[in-house]
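Peer 1: One structure, as structure tokens, below. Some questions next.
The values are calculated or read from the model by the stated rules, or taken from the named source; none is laboratory data. None of these values were measured; they are calculated from a predicted model. Reconstructed Cβ throughout: ideal geometry from the backbone, glycine too, with neighbour counts over all protein chains shown. These accessible areas exclude ligands, DNA and RNA; they are computed on the full protein's heavy atoms, side chains included. Shrake-Rupley method; radii C 1.70, N 1.55, O 1.52, S 1.80 Å.
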Amino acid sequence: MKKITTYENKKILVLGLAKSGFSAAKLLHELGALVTVNDGKPFDENPEAQELLSLGIKVITGSHPIELLDEKFSMVVKNPGIPYSHPLVAKAQELGIPVITEVELAFEVAECPIIGITGTNGKTTTTTMTGLLLNAAKTNGVARLAGNIGYPASSVAQEANSEDKIVMELSSFQLMGITHFHPQVAVITNIYEAHIDYHGSRSEYVKAKWQLQKNMTADDFLILNWNQKELQELSKKTKAQVLPFATDQVLEKGAYSFAGSIYYNKEKIMGISELGVPGSHNVENALAAITVAKQYDVPNAIIKETLQRFHGVPHRTQYVGEVQGRKFYNDSKATNILATKMALSGFSPEKLLLIAGGLDRGNSFDELIPSLKGLKALIVFGETKERLKEAGEKAGISNIQVVENAEAAVPIALENSDPEDVILLSPANASWDQYPNFEVRGDRFMEAVNKLK
């Protein structure tokens, strides 16, 4: 870790704890800052706040008093999930106090190169694939995963040495709070409409994603999904060297798939069928990760072997196992229609049973209907079950079952399936009507599958 003096004796407010705020507060304290932490959770229920207090850090919990800003802070480090419309954040900006996110701190202390990965879908899988490819070929140093994937960037940056690489998954929320953050290699997997409630408009969401390349130079590499005209247009506005990947065209330079195989710079790497994870979206993820790996001279044989062995990350088209000849997949992370459409594209519909449902946000499922056509069965649950049932009927599915929740769907799916069928949980909805988060929903589904075993 670089021993910087930027924050010595500076008054810094860390707003919101969770993993990233907790890590940022400890790092700033170590760097000599005068840290105040403010978190909405009551102190008695807040072990992170209790630990920080024991280190001598000032802690204010239970509310977010505006008067805090009377202390004339030099900077606010904001938890990514707190919107800029939050009264305390809005007031800080009004007063001209810089507001950053914890990934900016990570960049400032990191001794090693950073590979930044963002996008609407595929971030976690691409980040994981990239880390595996770089570590499979390493002679020294380690590729360390960080950021939105679940490992606080500022903690990882403290542990990394100059021979390592940090492969950082970045959300639009995190990218809004950067100033000098500078990856040497960056990826935008795709851009679709998402998080409009946070950003206010699609254009603001795209603007946040495009922040990734803000400080990149002609010595850096920006990897973009060439299937998307929007990213092709945006590519004209960066100083970085653009490396494209595509599934719908042969490229002179970059990674692409054609006639059942994956290529980089027109050199065949492997067959699509050899990938360890199914789905056209995972072909795109693999192309992006391969393009990163090639910037670090990872050999084709290592790429092929690594991606053959990779069977997905938890809750993202994750292979759970086989029961009585049926293969079960957990795609609980599919919290929107687009993610479920992508998951469905990886399987033959006539042998596929889909389990879907969840929080009712008032969405119509008409967009999903073309992807539902030909399914062997549809099993629906949660607040959106009736609307999904209606979409299934419009798609011509004759076997539609209504159940209580994701775990109750498992034995019903088994009863309605045959050997060699695939049973896929891909909800197309958020989980909060019945579960604290998509991870718990996926875990309950997998527990139910394991009971059948």
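Peer 1: Exactly one condition in (1) open to solvent by 30 Å² or more (accessible area, probe 1.4 Å); (2) closer than 30 Å to Leu134 by Cβ; (3) among the charged types (D, E, K, R) is false for Glu404; which is it?
Peer 2: Only one criterion is unmet by Glu404, namely (2).
Peer 1: Scan region 440-453 residue by residue and report those that are open to solvent by 10 Å² or more (accessible area, probe 1.4 Å) and either at pLDDT below 95 or in contact with a strand residue (DSSP E or B) (Cβ under 7 Å, 6 or more places away or on another chain) (or both).
Peer 2: Taking region 440-453 first, the residues open to solvent by 10 Å² or more (accessible area, probe 1.4 Å) are 440, 443-444, 446-448, 450-453.
Scanning region 440-453 gives Met446, Leu452, Lys453.
Peer 1: Hey, can you tell me all the residues within region 137-176 that are open to solvent by 50 Å² or more (accessible area, probe 1.4 Å), assigned to a helix (DSSP H, G or I) and in contact with a helix residue (DSSP H, G or I) (Cβ under 7 Å, 6 or more places away or on another chain)?
Peer 2: Residue satisfying the conditions is Gln158 alone.
Peer 1: If you don't mind, another one. Please determine whether any residue of region 322-334 is of a type outside the set (Ser, Thr, Tyr), closer than 17 Å to Met446 by Cβ and surrounded by fewer than 16 Cβ atoms within 10 Å (Cβ to Cβ).
Peer 2: yes
Peer 1: Just to be sure I understand the filter: pairs with C-beta atoms under 8 Å, separated by 6 or more residues or on different chains, first member in region 87-116 and open to solvent by less than 50 Å² (accessible area, probe 1.4 Å), second member acidic (Asp, Glu). Which pairs pass?
Peer 2: Cys112/Glu163; Cys112/Asp164
Peer 1: Related question: Small (Gly, Ala, Ser), surrounded by fewer than 18 Cβ atoms within 10 Å (Cβ to Cβ), touching a Ser or Thr at 6+ places or on another chain (Cβ under 8 Å) and at pLDDT 95 or above: does that describe Gly254?
Peer 2: On the way: small (Gly, Ala, Ser): yes; surrounded by fewer than 18 Cβ atoms within 10 Å (Cβ to Cβ): no; touching a Ser or Thr at 6+ places or on another chain (Cβ under 8 Å): yes; at pLDDT 95 or above: yes.
For Gly254, the condition - small (Gly, Ala, Ser), surrounded by fewer than 18 Cβ atoms within 10 Å (Cβ to Cβ), touching a Ser or Thr at 6+ places or on another chain (Cβ under 8 Å) and at pLDDT 95 or above - is not met.
Peer 1: Of the conditions (1) under 24 Å from Gly279 (Cβ atoms); (2) touching a strand residue (DSSP E or B) at 6+ places or on another chain (Cβ under 8 Å); (3) touching a residue at least 60 places away in the same chain (Cβ under 8 Å), Ala194 clears all except one; give me its number.
Peer 2: (2)
Peer 1: Look at region 11-65 and say how many of its residues are surrounded by 21 or more Cβ atoms within 10 Å (Cβ to Cβ), assigned to a loop (DSSP other than H, G, I, E, B) and under 26 Å from the mean Cα position of the chain (by Cα).
Peer 2: Qualifying residue count, region 11-65: 2.
Peer 1: Let me ask something else. Would you mind finding the one in Gln211, Gln241 that is touching a residue at least 24 places away in the same chain (Cβ under 8 Å) and either surrounded by 19 or more Cβ atoms within 10 Å (Cβ to Cβ) or on the phi < 0 side of the Ramachandran plot (or both)?
Peer 2: On the way: Gln241 fails: touching a residue at least 24 places away in the same chain (Cβ under 8 Å).
Gln211 is the lone residue from the list that is touching a residue at least 24 places away in the same chain (Cβ under 8 Å) and either surrounded by 19 or more Cβ atoms within 10 Å (Cβ to Cβ) or on the phi < 0 side of the Ramachandran plot (or both).
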